[in-house]
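Trainee: Input: one structure, supplied below.
The values are calculated or read from the model by the stated rules, or taken from the named source; none is laboratory data. Since we're looking at a predicted model, the values are computed, not measured. Note: ideal-geometry Cβ built from the backbone for every residue, glycine included; neighbour counts use all protein chains shown.
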Amino acid sequence: MALGFGGDYNPEQWEPDVWAEDVRLMGEAGVNLVTVGVFAWAALQPEPGRYTFGWLDDVLGLLHGAGIGVALATPTASPPPWLGHRHPDTLPQGPDGVRRLYGSRNQYCPCAPAYRRAALAVTEALADRYAHHPALRLWHIGNEYGTACHCEHCARRFRGWLARRYGDLDGLNAAWGTAVWSQRYGDWAEVLPPRRVQYVINPLQDLDYQRFVSDALLECFAAERDAVRARNPAVPVTTNFMDFYRHTDGWRWAAEEDVVSLDTYPDPNDPGAALRGAMSKDVVRSLGGGRPWLLMEQSPGAASWRPVATPKRPGLNRLWSLQAVARGADAVLHFQWRASRQGAERAHGAMVPHAGPGSRVFREICELGRELAELSGVEGTTVAADVAIVLDWDAWRAVELDHQPHEGFRYVDRLTDYYAPLWRANITCDFAPAAGALGRYRLVLVPNLYQVAPDAAANLAAYVAGGGTLVMGPFSGVADPAERIYTGGWPGPLREVFGVRVEEHWPVLTPLDVASAALGDFTASMWGEWAEASGADVVAAYRGGPLDGRPAILRHRYGGGTAWYVTTLPEPDALARLLARVCADAGVEPVVAGLPPGVEAVRRGDRVFLLDHR
Ligand code: GAL
């Protein structure tokens, strides 16, 4: 097997004479894998009960004849108008009670029985026909799962989900804290998804609904996966994740897939794009347990949904593609093969742009195809990391609920704070769940863990006690999974590990001054804490202002390891100095030391990739 190379192919948008040219050009470009049928439901089933597979037979035959493999998609992300027209209850309802109609895409309610039946039927028909097709390499289920709905079907299933979680109404009332504001439920029929309310919604109702929606979508995915697997268990199954998407819990989802895949669209205008791209790629590799993953989509040029859709400058698609390979991808695919002439994405970049094959973009695509073919031997190899960053969907969702102390405190920004200095230093990171296996890492970073479950806290404590080094950022260990605040000081169940007790969270509008002999003085922003050391050494302390003299950064020996607690958001240089110090103490080394800023180094298998972002 070579590295996969190709993109989304939507032949239903074109006449058959274009297909022949497509396959010829794919050969020229070295394309060996295309995703077919993502949005082809109406073309495959123009009306209930009638399937029109002839065109897809022809397309798959042409591709197979040219030696091109297919990731065959179930088309269930975009039901045809007939479904919504006949079954309006399959259309998603917003929290405002208004239904979202057809005329776009993604218009389905994951809980509507008619949607689930129709999605399964088209999936079964597709799998009956193609599960043993010689071109088939992979099943691509749905597309970028993420649609939320708040309708009555969802309400009913949500109640069932809650009953399984909390037992009975007493359990629900206790968990949701319905004694506050007279929210007590006396009948399951009263319990609703978060819809439009007069003032701020119950926080656990909001959080539980986010958990529920992720699970409901996962049921849709699993039903389709099981249908295709039943017809040929040898074909692997994936669905494409988006960059940092809060609404589907990546750890739970990845566990249900044979191989994970990523759609990533860093903004060419963003000076931090290379860093953010690297981070997304490290996340998806980690979700897949470190095994090779697939770059399912990136744009060869512009992403038309951006307010300013600047194309990728010459060489940039190559650079970001190789970044994916370096960080563990076994395929580099694009959205899409041929630029659409019509429809919502007519201005989106493509491997064959509107200008045709005689274009800069297509020439670069052909060069990339050649280069990936020359990299053979990389596929199947893995990326080693000594550092893990804890990524936790519940903490993410909970820290961004309404009425938290600082609405600008965004979870992914906090992860980026810690990822960035390591990326700049060419230290490779994995991401890990808070309750996951951490023992093989020399260093674990927890930029934020606002909500922490007792088992996760015990896991982190055991990691430190066993000799690990842990660094935790502010506003951590605050609430339990039922969004109940831990009392007696923070970080709640981790106080002993860090030898610290936080009494008050202190979000601020103006920078804080911090004095540190060990790290050099620095400023910090957004967040402070009124803390006292209870066993930890104070490495940095606030100077002036309301927190004057209070500890800002603390270090604590705990069992055989070391736990650092950072009560604020240090300016980037200061955080880089802190992490450099921690890495040195923990024996964490860069892939290559001393490279100029802007040069990224990653080791995959026995190769080192040097990527020059300058
Ligand atoms: C993705 C999607 C593709 C295409 C692409 C455009 O979100 O999966 O179908 O719409 O964006 O950037």
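Trainee: If I filter region 257-273 down to residues being of a type in the set (Val, Ile, Thr) and touching a helix residue (DSSP H, G or I) at 6+ places or on another chain (Cβ under 6 Å), which single residue comes out as farthest from the ligand (Cβ to nearest atom)?
Mentor: Let us first name the residues in region 257-273 that are of a type in the set (Val, Ile, Thr), namely 259-260, 264.
Next, only the ones that are touching a helix residue (DSSP H, G or I) at 6+ places or on another chain (Cβ under 6 Å) stay: 260, 264.
Details: Val260: 15, Thr264: 10 Å.
Result: Val260.
Trainee: Just checking, does region 406-414 include any residue being assigned to a loop (DSSP other than H, G, I, E, B) and surrounded by 23 or more Cβ atoms within 10 Å (Cβ to Cβ)?
Mentor: Just the residues of region 406-414 that are assigned to a loop (DSSP other than H, G, I, E, B), to begin with: 406-410.
From the residues that got through so far, the ones that are surrounded by 23 or more Cβ atoms within 10 Å (Cβ to Cβ) too are none.
No.
Trainee: Does any residue of region 242-262 turn out to be within 18 Å of Leu368 (Cβ to Cβ) and either modelled with pLDDT under 95 or not hydrophobic (A, V, I, L, M, F, W, C) (or both)? First the steps, then the outcome.
Mentor: Taking region 242-262 as the starting set, the residues that turn out to be within 18 Å of Leu368 (Cβ to Cβ) are 262.
Filter once more, keeping what is either modelled with pLDDT under 95 or not hydrophobic (A, V, I, L, M, F, W, C) (or both): none.
Scanning region 242-262, I find no residue that is within 18 Å of Leu368 (Cβ to Cβ) and either modelled with pLDDT under 95 or not hydrophobic (A, V, I, L, M, F, W, C) (or both), so the answer is no.
Trainee: Quick test of your reading of the structure: Trp396 fulfils all but one of (1) more than 16 Å from the ligand (Cβ to nearest atom); (2) more than 23 Å from Ala254 (Cα to Cα); (3) surrounded by 18 or more Cβ atoms within 10 Å (Cβ to Cβ). Name the failing condition by number.
Mentor: Going through (1) more than 16 Å from the ligand (Cβ to nearest atom); (2) more than 23 Å from Ala254 (Cα to Cα); (3) surrounded by 18 or more Cβ atoms within 10 Å (Cβ to Cβ) one by one, Trp396 breaks only (2).
Trainee: Mind listing just one residue for me: the one in region 288-302 that is within 23 Å of Arg360 (Cα to Cα) and not small (Gly, Ala, Ser) and, of those, nearest to the ligand (Cβ to nearest atom)?
Mentor: Filtering region 288-302 for residues within 23 Å of Arg360 (Cα to Cα) gives 295-302.
Going one step further and asking which of them are not small (Gly, Ala, Ser), we end up with 295-298, 300.
Details: Leu295: 13, Met296: 8, Glu297: 6, Gln298: 9, Pro300: 11 Å.
Residue satisfying both the conditions and the ranking: Glu297.
Trainee: Within the set of pairs 6+ apart or on separate chains, which have a first residue in region 374-397 that is under 18 Å from Gly290 (Cβ atoms), a second that is at pLDDT 95 or above and aromatic (Phe, Trp, Tyr), and C-beta atoms under 7 Å apart?
Mentor: Asp386/Tyr441; Val387/Tyr441; Ala388/Phe431; Ala388/Tyr441; Ile389/Tyr418; Ile389/Tyr419; Ile389/Phe431; Leu391/Phe431
Trainee: Separate question: Can you spot a residue in region 246-256 that is within 30 Å of Ala125 (Cα to Cα), away from the ligand (no atom under 15 Å from the Cβ) and more than 14 Å from the chain's Cα centre (by Cα)?
Mentor: yes
Trainee: I would also like to ask the following. Tell me which of these Trp305 doesn't satisfy, since it passes every other one: (1) within 12 Å of the ligand (Cβ to nearest atom); (2) under 19 Å from Phe244 (Cβ atoms); (3) surrounded by 18 or more Cβ atoms within 10 Å (Cβ to Cβ).
Mentor: In the conditions (1) within 12 Å of the ligand (Cβ to nearest atom); (2) under 19 Å from Phe244 (Cβ atoms); (3) surrounded by 18 or more Cβ atoms within 10 Å (Cβ to Cβ), Trp305 misses (3) alone.
Trainee: Residues to consider are Val352, Val412, Val332; find the one that is more than 30 Å from Gln198 (Cβ to Cβ), outside the structural domain of Thr239 (by TED's automatic domain parsing) and either within 16 Å of the ligand (Cβ to nearest atom) or not small (Gly, Ala, Ser) (or both). Don't jump to the end; show me each part of the working.
Mentor: Details: Val352 fails: outside the structural domain of Thr239 (by TED's automatic domain parsing); Val332 fails: outside the structural domain of Thr239 (by TED's automatic domain parsing).
Just one listed residue meets the conditions, Val412.
Trainee: OK, next. If you go through region 600-613 one residue at a time, do you hit one that is modelled with pLDDT of 95 or more, under 23 Å from Gly272 (Cα atoms), assigned to a loop (DSSP other than H, G, I, E, B) and not acidic (Asp, Glu)?
Mentor: There is at least one residue in region 600-613 that is modelled with pLDDT of 95 or more, under 23 Å from Gly272 (Cα atoms), assigned to a loop (DSSP other than H, G, I, E, B) and not acidic (Asp, Glu).
Trainee: Just one of Arg276, Arg285, Arg338 is touching a Phe, Trp or Tyr at 6+ places or on another chain (Cβ under 8 Å), modelled with pLDDT of 95 or more, away from the ligand (no atom under 12 Å from the Cβ) and under 19 Å from Glu144 (Cβ atoms); which is it?
Mentor: Details: Arg276 fails: touching a Phe, Trp or Tyr at 6+ places or on another chain (Cβ under 8 Å); Arg338 fails: under 19 Å from Glu144 (Cβ atoms).
Within the list Arg276, Arg285, Arg338, the selection yields Arg285.
Trainee: Quick check on Trp506: is it crowded, with 18+ Cβ neighbours inside 10 Å and either touching a residue at least 40 places away in the same chain (Cβ under 8 Å) or more than 30 Å from Val180 (Cβ to Cβ) (or both)? Write out each step before concluding.
Mentor: Working: crowded, with 18+ Cβ neighbours inside 10 Å: yes; either touching a residue at least 40 places away in the same chain (Cβ under 8 Å) or more than 30 Å from Val180 (Cβ to Cβ) (or both): yes.
Judged against the criteria, Trp506 is a match.
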